[in-house]
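The values are calculated or read from the model by the stated rules, or taken from the named source; none is laboratory data. What you see is a predicted model; the values in this text were computed from it and never measured. We place every Cβ from the backbone using ideal geometry, glycine too, and count neighbours over all the protein chains shown.
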Amino acid sequence: MSATRTFRIASIPADGVGKEVVSAGRRVLDALASHAGGTFAFEWTEFPWGCEYYAETGKMMADDGLETLKDFDAIYFGAVGWENVPDHISLWGLRLNITQNFDQWANIRPVRFLPGVQSPLRKADDTELDWVVVRENSEGEYAGIGGRNLRGRGPGNEVALQTALFTEKGCERIMRFAFDLARTRTVKKVSSVTKSNAQQYGMVLWDEVFDRVALDYPDVTTESVLVDAMSAKFVLKPEDLSVVVASNLNADILSDLGSALAGSLGLAASANLNPERRFPSMFEPVHGTAPDIAGKGISNPIGAIASAALMLDHFGLHDEARQLESAIERTTAAGHLTRDIGGEATTDDVTDAIIEALAPSP
Ligand code: ATP
Ligand code: MG
């Protein structure tokens with residue numbers, strides 16, 4: 001028998017439903033490893049960081065947290081934020097602290113339609129819909145550049161600037177990433193999204209870089225679409241989409257739209273990648289902490305479990321990733337659905353059903 005490959009994963013469930021869905025994802029990955037008969041294994045280290053940790057220590061994560069995380073093969077993340085901590089502190093103190101310092105500049109968010117799940121889009125034949133939003137994750141509208149109360153203006157006259165940052169290098173690397181991804185897909189097409197008719201500096205640079213990079217990929221079809229038109233296209237002509245590349249803000253909004261169209265935010269997976277692999281990448285569901293349902297055991301674990309499939313791909317375990325995706329499909333097709341997608345199943349029911357679907361047939 002060949003030696004066991006062990007993948008060391010840092011898990012950070014953090015807050016709200018993050019805890020429930022990360023624990024579901026861990027169970028599924030461990031089941032997958034046990035079926036693999038010792039060819040690979042996952043070694044988990046869990047970190048208690050998040051808003052409860054903040055209440056105890058005044059910090060969102062340990063001071064040496066990044067140093068500790070640096071040597072893991074991947075980070076498996078839940079969701080961060082709670083009412084005791086302002087969003088900008090919880091988000092920047094933990095999640096963005098990791099994505100920024102580990103240079104996770106590419107964020108991929110697949111939009112997948114699952115059998116048995118009602119979509120507001122659903123026509124008879126759209127179960128094949130499948131596209132990926134590639135989000136620039138390091139600059140753009142979320143670069144954090146700007147300021148308030150400039151020149152000491154008095155009450156009622158405050159001015160705030162929020163500046164978007166576009167660098168030629170930043171644009172080029174995310175576009176090459178998107179084109180390379182398109183080459184791995186059945187439909188080799190990249191749609192670039194901007195609002196370059198109204199934002200005439202950064203987004204025009206984006207468009208120019210896109211046209212230039214496209215020349216290196218003559219086998220890939222391209223289009224440039226304004227974000228307003230792309231929002232309509234998501235709803236009206238989604239069969240036209242394969243890889244959609246957009247800046248930080250635009251991709252954030254489009255990927256939430258995509259997951260809602262697929263049936264629920266609770267289904268949507270994401271990966272924050274450091275493609276050079278100098279630092280660990282981070283895998284997390286797109287959804288937040290869902291305070292309205294947290295602690296009830298009814299959250300949908302599929303977004304987190306599908307994120308675990310992206311992590312398997314990152315480890316090179318492509319067959320296992322496809323097995324997991326197929327187990328998710330068989331589970332929804334068989335009607336194991338949480339409430340957000342119209343069923344009655346609990347988080348544990350769906351997780352158990354996925355684990356059962358993974359078991360090798362006797
Ligand atoms: P954040 O600010 O943390 O991004 P948000 O405002 O985007 O949070 P979410 O926490 O993502 O909000 O929740 C939005 C809605 O989607 C809520 O009604 C929530 O219950 C629902 N939701 C989110 N995740 C899930 C899930 N895993 N299962 C079921 N419903 C979910
Ligand atoms: Mg949100």
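Cβ separations smaller than 8 Å between residues 6+ apart or across chains give the following pairs from region 332-357 residues that are under 18 Å from Ala290 (Cα atoms) to residues that are surrounded by fewer than 19 Cβ atoms within 10 Å (Cβ to Cβ) and hydroxyl-bearing (Ser, Thr, Tyr): Thr338/Thr346. For region 260-312, filtered to residues that are at pLDDT 95 or above and polar (S, T, N, Q), the residue that is farthest from ligand 2 (Cβ to nearest atom) is Asn274.
Among the residues making up region 299-316, those that are more than 6 Å from ligand 1 (Cβ to nearest atom) and buried (at least 22 other Cβ atoms within 10 Å of the Cβ) are Pro301, Ile302, Ala304, Ile305, Ala306, Ser307, Ala308, Ala309, Leu310, Met311, Leu312. Against the definition (under 16 Å from Ser247 (Cβ atoms), modelled with pLDDT of 95 or more, among the charged types (D, E, K, R) and buried (at least 19 other Cβ atoms within 10 Å of the Cβ)), how does Arg135 come out, yes or no? Yes: the conditions hold for Arg135. What do you reckon, is Ala269 in contact with a Leu (Cβ under 9 Å, 6 or more places away or on another chain) and either within 16 Å of ligand 1 (Cβ to nearest atom) or among the polar types (S, T, N, Q) (or both)? Judged against the criteria, Ala269 is a match.
The single condition among (1) closer than 23 Å to Gly116 by Cα; (2) assigned to a helix (DSSP H, G or I); (3) not charged (D, E, K, R) that Leu312 does not satisfy is (1).
Annotation: Tyr76 fulfils all but one of (1) over 21 Å from the mean Cα position of the chain (by Cα); (2) within 27 Å of Ser138 (Cα to Cα); (3) buried (at least 19 other Cβ atoms within 10 Å of the Cβ); the unmet one is (1).
Reported count of residues in region 156-185, each being of a type outside the set (A, V, I, L, M, F, W, C) and either in contact with a strand residue (DSSP E or B) (Cβ under 9 Å, 6 or more places away or on another chain) or crowded, with 18+ Cβ neighbours inside 10 Å (or both), is 6.
Kindly check whether there is at least one residue in region 71-78 that is in contact with a His (Cβ under 9 Å, 6 or more places away or on another chain) and either under 18 Å from Arg8 (Cβ atoms) or among the polar types (S, T, N, Q) (or both). Checked against the condition, which is being in contact with a His (Cβ under 9 Å, 6 or more places away or on another chain) and either under 18 Å from Arg8 (Cβ atoms) or among the polar types (S, T, N, Q) (or both), region 71-78 yields at least one hit. Within the set Pro360, Pro275, the sole residue that is under 23 Å from Leu181 (Cα atoms) and in contact (Cβ under 8 Å) with a residue 24 or more places away in the chain turns out to be Pro275. Of the candidates Gly16, Gly65, the single residue that is under 21 Å from the mean Cα position of the chain (by Cα), surrounded by 19 or more Cβ atoms within 10 Å (Cβ to Cβ) and modelled with pLDDT of 95 or more is Gly16.
Checking each residue in region 234-259 for being within 14 Å of ligand 2 (Cβ to nearest atom) and surrounded by fewer than 19 Cβ atoms within 10 Å (Cβ to Cβ) picks out Leu249, Ile253, Asp256, Leu257.
Taking Ala294 and the conditions (1) away from ligand 1 (no atom under 16 Å from the Cβ); (2) surrounded by fewer than 22 Cβ atoms within 10 Å (Cβ to Cβ), which numbered condition does it fall short on, given that it satisfies the others? Failing condition for Ala294: (1). Would you check if there is a residue in region 301-322 being in contact (Cβ under 8 Å) with a residue 24 or more places away in the chain and either over 26 Å from Ala10 (Cβ atoms) or touching a Cys at 6+ places or on another chain (Cβ under 8 Å) (or both)? No, the conditions are met nowhere in region 301-322. All conditions in (1) under 24 Å from Gln100 (Cβ atoms); (2) within 11 Å of ligand 1 (Cβ to nearest atom); (3) in contact (Cβ under 8 Å) with a residue 60 or more places away in the chain hold for Ala260, with the sole exception of (1).
Going through (1) at pLDDT 95 or above; (2) within 30 Å of Ser264 (Cβ to Cβ) one by one, Arg176 falls short only on (2).
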